[in-house]
1. Would you mention how many residues in the range 40-83 are at pLDDT 90 or above and on the phi > 0 side of the Ramachandran plot?
2. Which numbered condition trips up Val37, out of (1) in contact with a helix residue (DSSP H, G or I) (Cβ under 8 Å, 6 or more places away or on another chain); (2) at pLDDT 85 or above; (3) closer than 22 Å to Leu410 by Cβ?
3. Can you confirm whether Leu408 is surrounded by fewer than 18 Cβ atoms within 10 Å (Cβ to Cβ) and not polar (S, T, N, Q)?
4. Tell me the residue from Leu139, Leu157 that is buried (at least 24 other Cβ atoms within 10 Å of the Cβ), at pLDDT 95 or above and of a type in the set (A, V, I, L, M), please.
5. Quick one: which helices (runs of 4 or more DSSP H) sit completely within the range 236-334 and have at least 1 residues that are touching a residue at least 60 places away in the same chain (Cβ under 8 Å), within 30 Å of Asn84 (Cα to Cα) and aromatic (Phe, Trp, Tyr)?
6. Among (1) within 21 Å of Leu168 (Cβ to Cβ); (2) in contact (Cβ under 8 Å) with a residue 24 or more places away in the chain, where does Leu17 come up short?
7. Suppose the filter is free of Cβ contacts under 8 Å to residues at least 12 places away in the same chain and assigned by TED's automatic domain parsing to the domain that holds Leu168; does Val398 pass it?
8. Can you spot a residue in the range 241-257 that is assigned by TED's automatic domain parsing to the domain that holds Gly138, surrounded by fewer than 20 Cβ atoms within 10 Å (Cβ to Cβ) and either small (Gly, Ala, Ser) or within 30 Å of Asp426 (Cβ to Cβ) (or both)?
Amino acid sequence: MTTVKSQRRFEYLFFGLLLILCLFLANIMNFPDNKPVRPYKISSDKAQYYIYLPATFIYNWDAHKFPKNCDKDRYGFVLDSANNKVSTKTTYGVALLWSPFFLATHLIALQWSSEPDGFSYFYERMTIVPGVIYLILGLFFLRRFLLRYYSSVISYLTVIIVFVGTNLYSYAMKDGLMSHVNSFFLFCLYLFLLKKFLDSERKPFPLFIGISLVVAVAMLIRPTNIILLTWMAFLDARSMKEIWQRIVFFLKPKYIIAFVVIAFLIFLPQLFYWKYLTGKFVYYSYPGESFTNFANPMLLPFWFAPLNGLFLYSPLVLLFIAGMVIMIVKKVPNGIFTLGMFLLISYIFASWYCWFFGGSFGCRPMVEFYALFALPFGYLLTLVSRNKNLYIRSLTIVFIIASSYYTLKLTYLNFWNTASTWAWNDYLLRLDQCHLYHDQGRSFTYVDDFENPAQVKVYPTNERYHSATVGAYVNDWAENYCAFSRILKTILPRPTRKVTASIWVYRPEKIKTGTQFACLICDGNYNLMYSRTLPLDNLIRKPGEWTKISETIKIPWWIDQSNSISFVVKNPGRKYTLFFDDLYLKFE
């Protein structure tokens, strides 16, 4: 009994100190000068999640009462003054978890007269707190879950390495207002409760109520989290017979009714919000966004591409996969389950129209699933700790330290990923900026498959594309399309003297479009210093087919390297549509 109490004291002390440390680090990361920062912390997707709180507790959903231009400054939600509506496409799940912290912040702001408008600097500063707290709670419950499988030391090591060695660190410390660390907490709590329920002989019904509540909130945050329900059948299952027995057990009327009632109550405020916004209780709030790639999932780029690839930004996940494979080989329960879940969710997320999930750091939809993948990782650490082969133990330790250091260095670089799918040179440039790799600068290759609209101001289309899922176009209203623009001296450490350029173009009909592929060099005042133009009509072989246009451009010796170089598809006539894709540039 004394040993158990001392272990509990150490556990509380450990997570308490970790909480203080993480709050300190998060404050430094987000507010290094203790001053307001731009862009706002409450902006973009984060503002979409957050807006439910000030709208409910301060402004009573009256768009006219919000601070002027609040939505334009935050560019996430929309204040529809004409209809007096507050519009956001996300659900209120994250706001539900954040509501106690928001209310406490608001009460303090009222007491101190610190601009209690929900958006002032004080509220911005307080946004770091809930994300860190839910991180610590998630790690706490994850360790409690792992303790049912592994030793205390392995459980501690697993949760800490999962935290510091993956992009969970970024989404807890820098982007806690995003859904991911909040969902991570729910996933950890769910595993803890589910394991406790499955191991109990009596199967206490109040425990199932708690499980249902956690799953319902997780589904509210992201509907694809309905996949959590399958874990009830597969966790620790040793045979198909046991899986079937689980399914039959959970399909009993009392469990189904309890879950449906709880889920309905959790979703009810969302239904009322959609009714307020659209006049309909059920509404798809992501128009134009769906799983368009089910027939062609972008699995390889989802895992390995410089554009937010899972393994490229969190290489530690490779050890998660190794643990799954070893469990399968040794016929350990949960091996097939965890690997199957990894492949399934990879397929689902790689089928999303924006498979790289925007301006992310690494593969952000996987963050919450690290809770489950900690199970095979803990198994791997257990095997390594018992292995007498010093080479294997040392190699594993070196890989864990190196991959964690690598991910943390990239995290603190704090970049917005505007790269193309396979833009390796842009990726190596970031490694150079982190002092993880030294670029010799002999040449620089730029590729753009137009999958990532954050790269330039693009006109993306799924109607015609040469590779992947997206192409680009110019037509009667899109006169010019700037596919690339950078200052010359930022491309190579020495003067650029030659550019090899190519682009694939598609003309639907046999007509003269008047379109051109142009290289433009301008000074700081946008005065044209040099240009090279290719008339595309003369180079397209057949209408209705993709044609590769290539050219080598020599940069005059007198061009100042502080000038900018751009590659533009020009459509001066603005009469017809021309599609293009897969830009390739090599600077030497």
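The values are calculated or read from the model by the stated rules, or taken from the named source; none is laboratory data. Values in this document were obtained by computation on a predicted structure and should not be read as measured data. Because the Cβ atoms are built from the backbone with ideal geometry, glycine has one as well, and the counts that use them run over all protein chains shown.
1. 2
2. Here Val37 clears every test but (2).
3. yes
4. One residue alone meets the criteria, Leu139.
5. Fully inside the range 236-334 and qualifying: 253-278.
6. Evaluating Leu17 over (1) within 21 Å of Leu168 (Cβ to Cβ); (2) in contact (Cβ under 8 Å) with a residue 24 or more places away in the chain leaves (2) as the failure.
7. yes
8. No, the range 241-257 has no match at all.
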